[in-house]
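Worksheet for the structure shown next.
The values are calculated or read from the model by the stated rules, or taken from the named source; none is laboratory data. Here the structure is a predicted model, which means the values were calculated and not measured. Neighbour counts run over all protein chains shown; Cβ positions are idealised from the backbone, glycine included. Ligands, DNA and RNA are stripped out before the accessible areas are found, and what is left, the full protein with its side chains, is counted by its heavy atoms. Shrake-Rupley method; radii C 1.70, N 1.55, O 1.52, S 1.80 Å.
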Amino acid sequence: MTIMTSAASVPIAAALRRAGVVGVDESLRRRAEYSSDASLYRVMPAVVVFPRDPDEVAAVVDTCRSERVPLTARGGGTSIAGNSVGPGVVLDFSRYLNQIHDIDAASATAVVDPGVVLDDLQVKAAAHGLRFGPEPSTHSRCTIGGMIGNNACGARALGYGRTADNVTELDVVTGTGDRLRVGTNGAQPSMPVVSELERLVRSRLGVIRQEFGMFARQVSGYSLEHLLPERGFHLAAALAGTEGTLAVVCQATLRLVRAPAATALVVLGYSDIAAAADAVPSLLPSRLIALEGLDERIVRIAKRGPGGAAVPELPRGGAWVLAELGGDDRAEVGARADALVREAGALGGRVVASAAEATALWRIREDGAALSARLGRHGPALSGWEDAAVPPERLGAYLREFEALMTQWDLTGAPYGHFGDGCVHIRIDFPLSRPDGRAVFRGFLTDAARLVASYGGSVSGEHGDGRARSELLPMMYSAQALDTFAAVKGLFDPLDVLNPGVIVRPRPVDADLRLASASIDRDRAGLRYADDGGEFSAAVHRCIGVGKCRVTAASGVMCPSFRATRDEKDSTRGRARVLQELANGSLPGGWRSAEVAEALDLCLSCKACSTECPMGVDMASYKAEVLYQRYRRRLRPGAHYSLGWLPVWVRLASRSPQLVNRVLSGPLAPAAKRIAGVDGRRPFPALPTRTFRQWFARHQAAAGAPLLLWVDTFTNHITPQVGVAAVAVLEAAGFRVTITERPLCCGLTWVSTGQLGTARKVLARSVAALEVPAKAGVPIVGLEPSCTALFRGDAAELLGRTPAVEAVAKSVRTLAEVLTSADGWQPPAMAGTTAIVQPHCHHRAVLGYSADLALLARAGVDARVVEGCCGLAGNFGAERGHYDLSVAVASNALLPALAGAPSSAIMLADGFSCRTQVDHLAHRTGIHLAELLAASASDHG
Ligand SMILES: Cc1cc2nc3c(=O)[nH]c(=O)nc-3n(C[C@H](O)[C@H](O)[C@H](O)COP(=O)(O)OP(=O)(O)OC[C@H]3O[C@@H](n4cnc5c(N)ncnc54)[C@H](O)[C@@H]3O)c2cc1C
């Protein structure tokens, strides 16, 4: 079957529509979004389809059969081996087919759609004291269909088995177009495909008994052992791990397990990773739920990252194992954990004391793939050989030989993974951009497969074979076993429609690789991309597809637009995929293409991805760059002139604020909004009669340590009361507050509208003015978080890491930072005060919110932090076309938090835009931290 070109999208899309399929999208942008998963591969699909029910799925399969077009099922698209990419139709189950139909506590089973995200099921199951056993690190966004497809395992498969062991029945559509409900022996339908399969198995009993089911993590190939008569011909289990090559799952009945009432986590240190692996057989008898290995290099990277401070202290060693124990009796589990530490024979060890610390350790382990990707010598370390498994008792010896093999090929990587099951994860710095890169990739994979086979292992231990390993299957299986795979495929999918190129008749491991080329970097970039070798292309290729931006249930902010729409288009990953196509020069129209504009339109530039994405993808910066390139020397949208130049307009308006207020709230307002590109439903903010600077000019400064208050546009011209309060608080804390002689601006509004040339000029002027006090060690306090964040973050990207920029970045502080480090300062006592706290996204992402939380805790405030973006995000929510999404984002976390708050609760929000959104949507007045502190001090004073 040949790769579909874009011209081929048209007939299949039309055929699908003729068959009554509704959610068909053949646009280039959509196809780019689905052109990769979390693997190294890029295969542009012809069409993406979002099925709404099993009938539609069946119609898609029938159409693909009659049109001879490949069909690849997809859930969260977090596969690492290229399992969920394909050249024909990609069928995304996650969008609509995502309902949990039933949880039966008595039989401990669940009936679910394939697009259900595992964490959503876990939350519902937990209400009955149950859980789904296996749990990949991607549990927050991977789907049940994808877990079944890959036979996913994860850390807790040690205690609860693989997905195959926890599937009872499946409703499927096979490649023959048959709709079947399959289960174990007694429950098979009498369809020809099933009886022929039984006949085939009976004729191959010898090879199946000899080569399959040898150890738990033999995930490669088809798991034919489940079809043995002595195993009950469990067809549902056998279909798990077939990667959508035999059938498409429309509904699943799953076995749930009782969640242990008590768990304990033990961390043990060893000299190196092979020594940690050697210890595995002696640890396994301790009845563990999970036993994970972690190399010191991964922990080092985690410590260097934005959440580095949260990395717990680990016992002595160059590698660690995390061992989780569970049971119903807390004391008994604790005693077993203590015994494990005593008897493990490790260099050091301890029982992890708190749930928070355990969460922090699991987070490092779960982010292992992305963290270890940062270890590459020639760019990100890559997937390709990332989940091979050997019987656990041979793991240490295997790892030593594996390290030697990497050295032989001049490759490096830091192993980690599910050591209790003998499964090793690793990312390797394959030099793919070198002329011999592909040959090295192929050669190493072949040698590594040979090595793993010599240990009786499996080239895939949980991620499936996909495009990365299917070609390697002859290293571990006999010709007769491979022939049996082909025969099974022939029964279920004789036309080779379902995920072709995977497992049977494989694509070469080095075909379809997603390589970064840098054609776009010929254009002069607006930003520096200092951490990406100066290349926009390298920056956007940071996205390796792990899909953390698709998380909707967990804490954090990333990605507000995806949380609101649940559309891959509005995720950081979807956007990055489109930008990767742009960078590689494959989008007609380049910077000005409609695809790029659509992809970025709903990005709020919140910067959450810059820290919450384990790869540090900074979509706000890329959006600014795209807008810069797109509109260079061209007419811009109205909002760029109005909201982008806001600092200038409000300065002019403040000459006669009353007149301006009258005009902007009168009959001319709608026309003014139309011209300004502002949504008609957004009111213009009212200007005060006196600016902060005017107030300060008459203010008698107090004596004390010098401190420069950065007077941003919003504080000066719109909310001077925030500045007045800040001066009161800072003076009370012992500072002599000064401000710059002239009004200055950080340039934020020009950055977010991509007017980077002007932004640079405006910012350079400010940095020059701040350089002297900064170098003299005077703290510079910013009140508006996004302005403060700009000095600490984007300034270096705009102006370079000059001594002036670095000095200013070091001196700029938030109010909470300066107060919590001021000698002898104590916050006013505010016990009994409840605050709904909306941190500004840039505050959270760039500056960090911990000082604010510490301050509020010291003051005794019951601070209930909103886990989400307010939705206004500077100019974003004010712009025409963004209102609905802005409200939807606010409805995710902010509005429910306010609705659930006591009426006496204070709404605390330092960001002007956050307060504006609260006022507009919830009719409540938000206050700045400075105002809260000043008011409470005067109450108590
Ligand atoms: C950072 C990271 C960590 C990971 N950690 C683990 C781990 O600990 N353990 C583990 O097992 N895996 C892990 N994985 C791999 C992957 O996340 C899991 O295998 C996951 O279960 C895939 O789910 P998904 O919804 O993303 O599936 P997808 O990637 O969308 O699809 C997976 C396979 O299932 C098929 N498929 C999807 N839906 C259907 C359907 N309805 N019917 C038939 N076939 C279907 C696809 O065609 C594909 O072959 C990790 C991946 C990443 C990026």
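Please give the solvent-accessible surface of residue 689 in Å², to the nearest 10, using a probe radius of 1.4 Å with every protein chain present.
100
For residue 632 and residue 300, compute 0.36 nm times the residue count separating them, minus their Cα-Cα distance, and round to one decimal in nm.
Between residue 632 and residue 300, full extension yields an extra 115.4 nm.
How far is it, in nm, from the label point at residue 775 to the one at residue 101 when both lie 7 Å from their Cα along the line to the Cβ?
The two pseudo-label positions are separated by 7.2 nm.
Dipole of the chain, Cα-centred, from +1 at each Lys and Arg C-beta and -1 at each Asp and Glu C-beta, to the nearest 20 debye?
So the magnitude is around 3120 debye.
Work out the charge dipole of the range 757-878 with +1 on the Cβ of Lys and Arg and -1 on the Cβ of Asp and Glu about the Cα centre, then indicate which of 759, 869, 842 is farthest towards its positive end.
The residue sitting farthest along the positive end of the dipole is 759.
Calculate, for residue 829 and residue 127, the FRET efficiency according to 1/(1 + (r/R0)^6) with r their C-beta to C-beta distance and R0 30 Å; round to the nearest 0.05.
0.15
What whole-number value in Å² describes the accessible area per residue of the range 765-890 for a 1.4 Å probe?
34
Full-extension gain between residue 697 and residue 858, please, as 0.36 nm times their residue separation minus the C-alpha to C-alpha distance.
54.6 nm
Can you figure out the FRET efficiency of residue 286 with residue 403, using R₀ = 25 Å and their beta-carbon distance, to the nearest 0.05?
Using R0 = 25 Å, I get an efficiency of 0.40.
How big is the Cα convex hull of the chain in projection, averaged over all directions, in nm²?
39.0
Taking a 1.4 Å probe, which of 884, 62, 618 shows the most accessible area, and what order do the others take after it?
Result, largest first: 884, 62, 618.
Residues of the range 411-529: accessible area per residue at 1.4 Å, in Å²?
Value returned for the range 411-529: 31 Å² of accessible area per residue.
Using Cα centres only, tell me the gap between the range 222-263 and the range 883-941 in whole Å.
About 49 Å separates the Cα centre of the range 222-263 from the one of the range 883-941.
Could you tell me the relative contact order of the range 569-707? Use alpha-carbon pairs under 8 Å, at least six residues apart, and round to a whole percent.
Reported relative contact order: 16 percent.
Explain nothing, just the number: relative contact order of the chain, from Cα pairs under 8 Å at least 6 residues apart, as a whole percent.
Reported relative contact order: 10 percent.
Please give the Cα centre distance for the range 670-719 versus the range 486-529, rounded to the nearest Å.
53
Label points 7 Å out from Cα along the Cβ direction at residue 884 and residue 205: separation in nm?
Calculated label separation equals 6.2 nm.
Charges only on Cβ, +1 for Lys and Arg, -1 for Asp and Glu: so what's the dipole of the range 536-638 about the Cα centre, in debye to the nearest 20?
Dipole size: approximately 260 debye.
According to the square roots a ≥ b ≥ c of the eigenvalues of the Cα gyration tensor, what is the shape class of the range 353-468, taking rounded for a/c under 1.5, prolate for a/b larger than b/c otherwise, and oblate for the remainder?
Note, shape of the range 353-468 comes out oblate.
What does the extension gain come out to for residue 66 and residue 214, with contour length at 0.36 nm per residue minus their alpha carbon separation?
Here the segment from residue 66 to residue 214 would lengthen by 49.4 nm.
With the crude spin-label approximation of a point 7 Å out along Cα→Cβ, what separation in nm comes out for residue 446 versus residue 645?
6.4
State in Å² the accessible area per residue of the range 27-148; use a 1.4 Å probe, count heavy atoms of protein chains only, and round to the nearest integer.
26
Can you give the relative contact order of the range 827-941 as a percent, counting alpha carbon pairs under 8 Å and 6+ residues apart?
31
How compact is the range 16-168 by the rule of thumb for globular proteins, expressed as Cα Rg over 2.2 N^0.38 Å?
1.08
In the chain, what percent of the accessible surface is made up of carbon and sulfur (1.4 Å probe, ligands and nucleic acids excluded)?
Here carbon and sulfur together make up 53 percent of the probe-accessible area.
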